[in-house]
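The values are calculated or read from the model by the stated rules, or taken from the named source; none is laboratory data. From a predicted model like this one, the values you see are computed outputs, not experimental measurements. Counting neighbours? That spans all protein chains shown, and the Cβs are built from the backbone with ideal geometry, glycine included. Just the protein is used for accessible areas: all its heavy atoms, side chains included, with ligands, DNA and RNA removed. Shrake-Rupley method; radii C 1.70, N 1.55, O 1.52, S 1.80 Å.
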Amino acid sequence: MSDFDAIVVGSGMSGGWTAKELSERGLKVLVLERGPEFGPEHAKDSLTPWEEAEIPPLTQKEKDEDYRIQRHVYAFSHVSKHLWVKDSDHPYETTEGKPYIWRRGYHLGGRSIMWARQSYRWAPIDFEANKKDGYGVDWPIRYEDLAPWYDHVERFAGISGSSENLPQLPDSQFLPPFELTCIEEDAKERIEAAFPGRKLITGRAAHLREATAEHNALGRGRCLSRSRCEKGCIYGAYFSAVSATLPAARRTGNATIVTDAIVDSLEHDPATGRVTGVRVIDRNTMERTVYRSKLVFLNASAIASASILLNSTSEANPNGLANSSGQVGRNMMDHVSGAEAFGIFPDAHKDKYYFGRRPNGIYIPRYVNLDNQEEDFVRGFAFQGNSGRLGWSGDRPGIGEDFKAQNRTPGPWYFRVKAFGEVLPHESNRMFLHATKTDKWGVPIPVMDVTHRENEQKMIEKASRDAKAMVEATGAVVTRTSEDAPIKLTDPGDIIHEMGTARMGRDPKTSVLNGWNQAHDVENLFISDGACMTSSACQNPSLTYMALAARAANHAADLLEEGAL
C-alpha cells in the first residue's frame, strides 16, 4: 500500500510548483528536501552595514576548501554563505581539462531563494529550433502547448514587465514594469536608432511591483526596490518556493514536507515496470527510510535528478532507471557568456539619479538568426545589463562629515551589457557517477564531462563585437570590453542554468521523457526540473521550468483521476 499519492523530490523552483499543483488537486503529497528548513532568520536583507560587519568573515580554510566554488558567485558573501553548499561536503569531479562550475543550495526552497529572478518566456522558434537545424531531437511540444501554463504560473508568481509584442520574446501576464533610468532611456533611443531590429526593454522580473489579493493571502508584499535580494526577502516580494508555492501547498492540508532527507535512488518493480518507492538517507543520523507512493516526481535539479536515476540500478536496469535510451546524464547544457561592454558618461545627467535600487536591469532580446540563418553559427543570444552612478554608496565605511560629503557627490553614470548565448545539445556533454568515490553519505559523486564548442565560440565573438558597438552607440566612453582581450567563454555551469540530462522527446530510443514529462520507461515517474529540457534557448529558463512543472503535475493528476495510473 502506498504511503502517499505522490512524492516530490526537491523543493525548489519546479518542486514547489509540483507540490502546489498536486496538493491543490487533492492528492496527498510528500515533499522531500535534502537540506534543512530555515526559519525567518535566513533572511539577512534587513541587516545594517554595521550589523553585517559583526558577522565573522570567511576564514582562509572556508575560502580554500568549504566554499572554493560557491564563493565566486555574485550572490555569495559571508552574510549569505548559509544559503550555499559547502564544497567540502558535496564534492564532484570533472574530466581532465574540462572545468565545470556547479553552484547549489541545499535547503527548503533550493535555489529559488537565490536565483536572479529574470523571467522570460520562450518563443515558438525556441521549441522548433532542434527540428529546424538538426541539433538534438525535436521537442515533443510547441509554444502553444505551454502558453496557457505560462499564463497560469505568471499570475501566481507575479512577473513585472512591459508588453512589447515581439515574436522572439512573447509577452507575459505582467504586473507594472520597473521604469528605465534616464541613461537607459537615452541608450534605448540611440541603440534602436543605430541598429534597426534591436530593442532595449526593461528586464522582466519575478518581483511584485504590485501585490494582488492572491499574493497578500500568502503573506507576500510589494517590492521596495532595496536590491538586497541575495540575502533573502522578509516581505516575500520576489517569487520563491518558500514565499509562494510551498505555503500554497501547505494550506491545502495535503502536503507533508520532510527536510534533511537525501534521496539516493528509487525503488522499482520490474514486474509492473513502475516506481514503488523512494530511498532516503537522513542527513543527520544516516538512518535509511523508504517512502512509497503512486507517483514520483523528480525535481532535484538537472544533475541531481539524473544522479538519482543513474544510481537506481538493478538486474532489470543495470544502466539506471528510465535509461533504456542511454540518454540519462547526456546532453547537458547551460548558457554561455564572455561578451560584455562597460561605458561611462562623464557629462550626462549630472542632476539626476533614481529612487531605490531596482531588482532588475535592461534586456535586449535576441535579434540574430530569427527568420533566416544570417551568421556562421546557429541559434542566438540576448543581452542583459544595467546602469547607475559610480562612487555613491551608502554601504561604504565611514562616519561623520567626510562620510556625508562623499555621499553627496555621486560619480558619472555608467551603462553595461552582458550577453547570454544558447548552448547546443550534444550527447557527449554529459555527467555520470564515479565508479568508486562517494560523498559522506555514501552516495556516488557525479563526474562532469562538458565543454563548449565552436558554435558557442563564434556566437560569443559576435556578441562581444555587438556589445562594444552598442555601448559606443549610446555615446558612452567605453572603459571595458571583452573585445580588448582574447575572448574567454564562461565555463560550463557558470551561468547556473544547467539542464538537459533527461530530455523530452518523441522517440523512446533517443529521449527519456514524453511530452508530458513522463518517463517513457516508467509510467508513474515524472521529471519536470531542468533535466527535461531538450534545448536551452538563450532566455533564463526558470519561468519555463515553472510552466512545465505545473503542466506535468496537472496531467499526472488527471491520469490518476481517470484510473490510468
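Somewhere in the range 141-148, is a residue open to solvent by 10 Å² or more (accessible area, probe 1.4 Å), in a loop (DSSP other than H, G, I, E, B) and either at negative phi or touching a residue at least 40 places away in the same chain (Cβ under 8 Å) (or both)? Even if it seems obvious, please write down each step before you answer.
Filtering the range 141-148 for residues open to solvent by 10 Å² or more (accessible area, probe 1.4 Å) gives 142-145, 147-148.
Of the ones still in play, those that are also in a loop (DSSP other than H, G, I, E, B) are 142.
Next, only the ones that are either at negative phi or touching a residue at least 40 places away in the same chain (Cβ under 8 Å) (or both) stay: 142.
Yes, the range 141-148 contains at least one residue that is open to solvent by 10 Å² or more (accessible area, probe 1.4 Å), in a loop (DSSP other than H, G, I, E, B) and either at negative phi or touching a residue at least 40 places away in the same chain (Cβ under 8 Å) (or both).
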Picking from 61, 86, the residue that is of a type outside the set (Asp, Glu), assigned to a helix (DSSP H, G or I), surrounded by fewer than 19 Cβ atoms within 10 Å (Cβ to Cβ) and without any contact (Cβ under 8 Å) to a residue 24 or more places away in the chain would be 61
Step by step: first the residues of the range 483-499, then only those that are part of a loop (DSSP other than H, G, I, E, B) and free of Cβ contacts under 8 Å to residues at least 40 places away in the same chain, then the one that is most open to solvent (accessible area, probe 1.4 Å). Which residue is that?
486
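In the list 377, 383, 403, which residue meets the criterion of being of a type in the set (A, V, I, L, M, F, W, C), open to solvent by less than 50 Å² (accessible area, probe 1.4 Å) and out of contact with any Phe, Trp or Tyr (no Cβ under 8 Å at 6 or more places or on another chain)?
On the way: 383 fails: out of contact with any Phe, Trp or Tyr (no Cβ under 8 Å at 6 or more places or on another chain); 403 fails: open to solvent by less than 50 Å² (accessible area, probe 1.4 Å).
None of the other options fit; the residue is 377.
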Tell me, please, whether a residue that is surrounded by fewer than 15 Cβ atoms within 10 Å (Cβ to Cβ), of a type in the set (Lys, Arg) and part of a helix (DSSP H, G or I) can be found in the range 90-99.
no
Suppose we filter 120, 135, 67 for residues that are buried (at least 19 other Cβ atoms within 10 Å of the Cβ), over 18 Å from the mean Cα position of the chain (by Cα) and not charged (D, E, K, R); which single one remains?
67
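Got at least one residue in the range 529-552 being at positive phi, open to solvent by 10 Å² or more (accessible area, probe 1.4 Å) and either outside any loop (DSSP other than H, G, I, E, B) or aliphatic (A, V, I, L, M) (or both)?
Within the range 529-552, the first condition is being at positive phi, and the residues that meet it are 537.
Those still in the list that are open to solvent by 10 Å² or more (accessible area, probe 1.4 Å) too: none.
No, that holds for no residue.
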Checking residue 291 against (1) among the hydroxyl-bearing types (Ser, Thr, Tyr); (2) out of contact with any His (no Cβ under 8 Å at 6 or more places or on another chain); (3) over 27 Å from residue 112 (Cα atoms), which single condition isn't satisfied?
(3)
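Within the range 293-310, track down each residue that is among the polar types (S, T, N, Q) and assigned to a helix (DSSP H, G or I). Before you say what the answer is, go through the steps one by one.
First pass over the range 293-310, keeping only residues among the polar types (S, T, N, Q): 293, 299, 301, 305, 307.
Result: 305, 307.
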Out of the range 178-224, which residues are more than 24 Å from residue 250 (Cβ to Cβ), surrounded by 14 or more Cβ atoms within 10 Å (Cβ to Cβ) and in contact with a Lys or Arg (Cβ under 7 Å, 6 or more places away or on another chain)?
178, 180, 182, 191, 192, 200, 205, 209
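Every residue, every condition in (1) among the charged types (D, E, K, R); (2) open to solvent by 30 Å² or more (accessible area, probe 1.4 Å); (3) in contact (Cβ under 8 Å) with a residue 40 or more places away in the chain; (4) closer than 20 Å to residue 16 by Cα, yes or no:
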position	(1), (2), (3), (4)
256	no, yes, yes, yes
268	no, yes, yes, no
288	yes, yes, no, no
293	no, no, yes, yes
Out of (1) open to solvent by less than 10 Å² (accessible area, probe 1.4 Å); (2) farther than 21 Å from residue 533 by Cα, the odd one out for residue 331 is which?
(2)
If we keep only residues of the range 309-326 that are in contact (Cβ under 8 Å) with a residue 40 or more places away in the chain and open to solvent by less than 10 Å² (accessible area, probe 1.4 Å), then the residue nearest to residue 487 (Cα to Cα) is 309
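Would it be correct to say that residue 506 is open to solvent by 60 Å² or more (accessible area, probe 1.4 Å), more than 15 Å from residue 191 (Cα to Cα) and of a type in the set (Lys, Arg)? Step through it out loud before you land on a result.
Numbers: open to solvent by 60 Å² or more (accessible area, probe 1.4 Å): yes; more than 15 Å from residue 191 (Cα to Cα): yes; of a type in the set (Lys, Arg): yes.
Yes; evaluated as a whole, the condition is true for this residue.
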Just checking, how many residues over the range 386-400 are open to solvent by 60 Å² or more (accessible area, probe 1.4 Å) and either among the charged types (D, E, K, R) or modelled with pLDDT of 75 or more (or both)?
4
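Checking the conditions here, which among 22, 108, 27 is surrounded by 19 or more Cβ atoms within 10 Å (Cβ to Cβ), among the aliphatic types (A, V, I, L, M), at pLDDT 95 or above and assigned to a helix (DSSP H, G or I)? I'd like the intermediate steps shown before the answer.
Working: 108 fails: assigned to a helix (DSSP H, G or I); 27 fails: assigned to a helix (DSSP H, G or I).
The match here is 22.
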Which of (1) surrounded by 18 or more Cβ atoms within 10 Å (Cβ to Cβ); (2) more than 28 Å from the chain's Cα centre (by Cα) does residue 358 not meet, given it meets every other one?
(2)
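May I ask you to verify whether residue 191 is in contact (Cβ under 8 Å) with a residue 12 or more places away in the chain, aliphatic (A, V, I, L, M) and not in a loop (DSSP other than H, G, I, E, B)? Break it down stepwise before answering.
Working: in contact (Cβ under 8 Å) with a residue 12 or more places away in the chain: yes; aliphatic (A, V, I, L, M): yes; not in a loop (DSSP other than H, G, I, E, B): yes.
Yes.
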Can you list the strands (runs of 3 or more DSSP E) found entirely within the range 327-391 that contain at least 2 residues being under 30 Å from residue 511 (Cβ atoms) and of a type outside the set (D, E, K, R)?
381-389
Out of (1) within 26 Å of residue 488 (Cβ to Cβ); (2) open to solvent by 10 Å² or more (accessible area, probe 1.4 Å); (3) touching a helix residue (DSSP H, G or I) at 6+ places or on another chain (Cβ under 7 Å), the odd one out for residue 75 is which?
(2)
Counting only residues in the range 111-128 that are in a loop (DSSP other than H, G, I, E, B) and charged (D, E, K, R), the one nearest to residue 541 (Cα to Cα) is identified as 121
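Within the range 331-352, take every residue that is over 31 Å from the mean Cα position of the chain (by Cα) and of a type outside the set (Lys, Arg) and give me the one that is nearest to residue 485 (Cα to Cα). Talk me through it step by step, then tell me what you get.
To start, the set of residues in the range 331-352 that are over 31 Å from the mean Cα position of the chain (by Cα) comprises 345-352.
Still in the running and of a type outside the set (Lys, Arg): 345-349, 351.
Working: 345: 23, 346: 24, 347: 28, 348: 28, 349: 31, 351: 35 Å.
Out of the qualifying residues, it is 345.
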Just wondering, is there one or more residues in the range 457-468 that are open to solvent by 10 Å² or more (accessible area, probe 1.4 Å), farther than 28 Å from residue 123 by Cβ and not charged (D, E, K, R)?
no
Quick one: is residue 154 within 28 Å of residue 246 (Cα to Cα), modelled with pLDDT of 95 or more, exposed (fewer than 14 other Cβ atoms within 10 Å of the Cβ) and out of contact with any Gly (no Cβ under 7 Å at 6 or more places or on another chain)?
no
List every residue pair whose Cβ atoms lie under 7 Å apart, where the two residues are 6 or more positions apart in sequence or sit on different chains, the first residue falls within the range 443-470 and is in contact (Cβ under 8 Å) with a residue 40 or more places away in the chain, and the second residue, located anywhere, is among the acidic types (Asp, Glu) and open to solvent by less than 20 Å² (accessible area, probe 1.4 Å).
443/264
